[in-house]
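Read the structure below first, then the notes.
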Amino acid sequence: MGKKFISSIVGLVAGAANGLFGSGGGTILVPALEKCLGVETHKAHATALAVVLPLTLVSVFFYLGKGQTPWGTILWVSSGGVLGGFIGSRLLNKITAPWLHKIFGIFMAAAAIKMIF
Amino acid sequence: MAWFLYVLIGLASGVISGMGIGGGAILIPALSIFCGMEQQAAQNTNLMYFIPTAAVALISHVKQGNIEKRSLPPVIILGLAGAAAGAFAAVRMDGSLLKKCFGYFLLAMSAYEIFRREKKGGTQNRKNEGMRNA
């Protein structure tokens, strides 16, 4: 199969998930770029970001059209998020470890089960 | 005091984003479970929050030449179609059904985080991975 075909499928799946669930495009793209398209690991995250940003702009257009936009919440969450991102980028350079991913994976699974039932 | 909870949730998901786990995996369930926000509104909040943070991170990545441009065009073209279709469906779905579907998606992502294996050695530069992403 051609690389262009695989790239298109990867884009389609990541875009659909990101639009439908409002998240997860990057989570799909990073391993897909690495494994299916041979993008180097340290470039995969940045490249995924360059893909997900335009996709998000398109998706947001539909969400805004529906009129469900809690502006106040977005403002508070974003201000916390910017600060958290800054802290995270300093802190996690030193302490990121496989077990940290597993712990958060367990938190995510618990939240997922709560949302399903 | 609701704003305090929102800032706290944003803070937590911001830190998690630094690990290379999507911040939405924390932000959306937290807004839904702790704040009782409707699923579409929670997802919209994550998308809106992502735009400025990603834009800032992207500028520094472009400057450092971290973007693999050759791979981009086909991924983005079909990606845009998928993004439109996914969002079109999301805003028309019943909120509680979407919440359930999101739960299954989150469960799959959690399995990936729990069971993934760390690559050891090789030529790839692991310490640069994921740390500068929003």
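The C-alpha atoms of chain B define a longest principal axis, and helix B:39-63 lies at about 20 degrees to it. The P(r) of the range A:1-69 has a tail past 19 Å containing 33 percent of all C-alpha pairs. Peptides A:69-75, A:84-90, B:80-86 ranked from most to least packed, by the mean per-residue count of other Cβ atoms within 10 Å: B:80-86, A:84-90, A:69-75. Placing +1 on each Lys and Arg Cβ and -1 on each Asp and Glu Cβ, with no other charges, gives chain A a dipole about its Cα centre of roughly 120 debye. With helices as the sole contributors, chain A gives -29000 deg cm²/dmol at 222 nm; each DSSP H run of n ≥ 4 counts as -39500 (n - 2.57), and the sum is divided by every residue. For the protein assembly as shown, the dipole from Cβ point charges (+1 on Lys and Arg, -1 on Asp and Glu) about the Cα centre works out to 620 debye, to the nearest 20.
Between the range B:32-48 and the range B:60-120, the alpha-carbon centres lie 17 Å apart. Counting Cβ atoms of other protein chains within 10 Å of each Cβ in A:33-43 and taking the mean gives 5. Taking every residue in B:92-102, how many Cβ atoms of other protein chains lie within 10 Å of its Cβ, on average? Neighbouring Cβ atoms belonging to other protein chains average 2 per residue here. Each principal axis of the range B:2-114 carries a Cα extent, and these read 42, 32, 28 Å when sorted largest first.
The accessible surface of chain A, taken with every protein chain in place and a 1.4 Å probe, is 75 percent carbon and sulfur.
In Å², and per residue, what accessible area does the range A:70-117 have when probed at 1.4 Å with the other protein chains present?
Ligands and nucleic acids excluded, the result is 59 Å² per residue.
Averaged over the residues of peptide B:52-64, the number of Cβ atoms from other protein chains lying within 10 Å of each residue's Cβ is 4. Considering only Cα atoms, the convex hull volume of chain A works out to 151 Å³ per residue.
Most tightly packed first, judged by the mean number of other beta-carbon atoms within 10 Å of their residues, the peptides A:3-16, B:65-78, B:35-48, B:91-104 read B:35-48, A:3-16, B:65-78, B:91-104. Computed over the alpha-carbon atoms, the range B:6-52 gives an Rg to Rh ratio of 0.93, Rh here being the Kirkwood radius from the mean inverse distance.
Binning all Cα-Cα separations of the protein assembly as shown at 5 Å, short to long from zero, yields these whole-percent fractions: 1, 7, 15, 19, 22, 19, 11, 5, 1, 0, 0, 0.
Within the range A:70-117, the proportion of C-alpha pairs whose separation exceeds 11 Å stands at 74%.
The values are calculated or read from the model by the stated rules, or taken from the named source; none is laboratory data. Predicted model, so just to flag it, every value in this text is computed and none were measured. Positions of Cβ are generated from backbone atoms using ideal geometry, with glycine treated the same way; all protein chains shown enter the neighbour counts. Side chains are part of the model used for accessible areas, which takes the heavy atoms of the whole protein and leaves out ligands, DNA and RNA. Shrake-Rupley method; radii C 1.70, N 1.55, O 1.52, S 1.80 Å.
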